[in-house]
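One structure is given below, encoded as structure tokens.
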Amino acid sequence: MDLYLNGEIVDEQRATVSVNDRAFLFGDGVYEVLRASRGRLFEPERHWRRLRGGLDELRIGSGVMEEHDLPAVVHRLLERNGLTAGDALVYVQVTRGVAPRAHQFPPTTTPRTVLVSTSGFMPKRSERSTGVEVITHPDLRWARCDIKSVNLLPNVLAAQAAAARGAFEAVLLRDGMVTEGSRSSVFAMVNGTLRTHPANERILHGITRAVVLELAGQAGVPVREEGVSMAELAAASEIFLAGTTADVMPVTSLEGVPVGSGEPGDITRQLGAALDARMAAAFDAAPARE
Ligand SMILES: Cc1ncc(COP(=O)(O)O)c(C=O)c1O
């Protein structure tokens, strides 16, 4: 596969980044993961807006997005890698660039490191039809989880704890409340209301989360953006994850205990189908270049 690195399209086997890259030394960068199908992107404006927000928040500067014309790069790469017929994932990472190791920022003129890569993707159909198991894990992250930083060590540790127990995802708990998953948003049906953590600094503002909230509103499902306690999660009639790679993923087992009937719940199925329809419409209708 070819990828885009700092203005050039190169074979991924040959692409190299300096050991003095700020992301290598400090995790000083942000990233995005977008879903593509038939060469078209799902909710690209929302992903670009979130990336822009992270770059500005960290003072890396969002001008880099225009300098590199990221949407055009993505389409070029999808074509180049033969990924315009099926499903694909797009990975975008921007770091503060290469500079001798010192904690404080290098000069603002330091060229940013910009990476875009693409890969084929298989939607998780069988997991979505059966549902998955999750474990809980302490949320060890910093106080700005809304920034999609490449500092993912707490997420990595939580995901590994889940994998070690054969679970699909780790649901993170902070102060006894569910925040989100290691790489997904978490929703629960609690006493007939669909609940998810408010979009503040304790969670990533998931794109799929936002779409699911819209779909739930349209479907007349009562929704509240309000934290879910561990006790409420354990008593929830339905739980699901939402994310760019998970779609709407039913959770049928929490720490080995069945959730509700132990089958994917009705609201979960309904919202999963609504998300699929929304994606299908986006992939059919969107212009080939966003
Ligand atoms: C911590 C975290 N929460 C939520 C999500 C889901 O976000 P999105 O729907 O934008 O993919 C992700 C995706 O990577 C994530 O890493």
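Answer rounded, prolate or oblate for region 99-243, using the Cα gyration tensor with square roots of eigenvalues a ≥ b ≥ c: rounded when a/c is under 1.5, else prolate when a/b is larger than b/c, else oblate. Note, shape of region 99-243 comes out prolate. Extension gain for Thr108 to Arg49 (0.36 nm times residue separation, less C-alpha to C-alpha distance): 19.1 nm.
For a paramagnetic label modelled on Asp87 (point 7 Å from Cα along Cα→Cβ), amide N atoms under 17 Å away belong, within region 242-263, to 242-251. Relative contact order of region 169-255, taken over Cα pairs closer than 8 Å and 6 or more residues apart, is 33 percent. When the chain is treated as a GNM with alpha-carbon contacts under 10 Å, the residue of Met279, Met122, Met189 showing the greatest mean-square fluctuation is Met122.
The value of relative contact order for the chain, using C-alpha pairs under 8 Å at least six residues apart, is 19 percent.
At an R0 of 25 angstrom, the distance between the Cβ atoms of Asn191 and Ser119 translates into a FRET efficiency of 0.05. Averaged over residues, the count of other Cβ atoms within 10 Å places the peptides 3-14, 38-49 in the sequence 38-49, 3-14, highest first.
Report the net charge of residues surrounding Leu271, where surrounding means a beta-carbon distance below 11 angstrom and charges are Lys +1, Arg +1, Asp -1, Glu -1. Around Leu271, the charge tally is -3. Its Kirkwood hydrodynamic radius, worked out from the mean inverse distance over all distinct Cα pairs, puts region 177-236 at 11.6 Å.
For region 201-247, the dipole from Cβ point charges (+1 on Lys and Arg, -1 on Asp and Glu) about the Cα centre works out to 40 debye, to the nearest 20.
For the chain, with a Gaussian network of springs between Cα atoms less than 10 Å apart, report the residue from Gly192, Gly272, Gly54 with the top mean-square fluctuation. With Cα springs under 10 Å in the chain, the top fluctuation among Gly192, Gly272, Gly54 is at Gly192. Helix 70-80 versus the longest principal axis of the chain: what angle, 0 to 90°, nearest 10, using Cα atoms? Taking Cα atoms only, the helix is inclined about 90 degrees. Springs between alpha-carbon pairs under 10 angstrom, Gaussian network model over the chain: which of Glu57, Glu66, Glu133 fluctuates most? Evaluated over the chain, the most mobile residue of the options is Glu66.
Considering only beta bridges that DSSP places wholly inside the chain, some 80 percent are antiparallel. Extending 7 Å from Cα along the Cβ direction at Val19 and again at Glu201 yields two label points whose distance is 3.6 nm.
The mean sequence separation of alpha-carbon pairs under 8 Å and at least six residues apart, normalised by the residue count of region 136-290, gives a relative contact order of 20 percent. Summarised as an ellipsoid, region 69-173 has semi-axes of 30, 26, 9 Å, derived from the eigenvalues of the Cα gyration tensor scaled by 5 and square-rooted, with the largest first. With respect to the chain, whose longest principal axis is taken over its alpha-carbon atoms, helix 44-57 is tilted by about 70°.
Here r is the Cβ-Cβ distance between Gln270 and Glu232 and R0 is 22 Å; the resulting FRET efficiency, rounded to 0.05, is 0.55. The C-alpha atoms of the chain define a longest principal axis, and helix 266-285 lies at about 30 degrees to it.
Estimated at 0.36 nm per residue, the fully extended path between Glu8 and Glu255 surpasses their Cα-Cα distance by 84.3 nm.
Kirkwood hydrodynamic radius computed over region 144-209 comes to 12.6 Å, based on all pairs of distinct alpha carbons. The share of Cα pairs per 10 Å bin across the chain, counted from zero up to the longest distance, runs 6, 27, 33, 24, 9, 1 percent. So what's the net charge close to Ala99: Lys and Arg +1, Asp and Glu -1, counting the other residues with Cβ under 13 Å from its Cβ? Net local charge, Ala99 excluded: +2.
Each reported figure results from applying straightforward, stated rules to the coordinates on display, with no laboratory input. As the structure is a computational prediction, the values presented were derived from the model and not from experiment. A quick note on method: Cβ atoms are made from the backbone with ideal geometry, for glycine too, and the neighbour counts reach across all protein chains shown.
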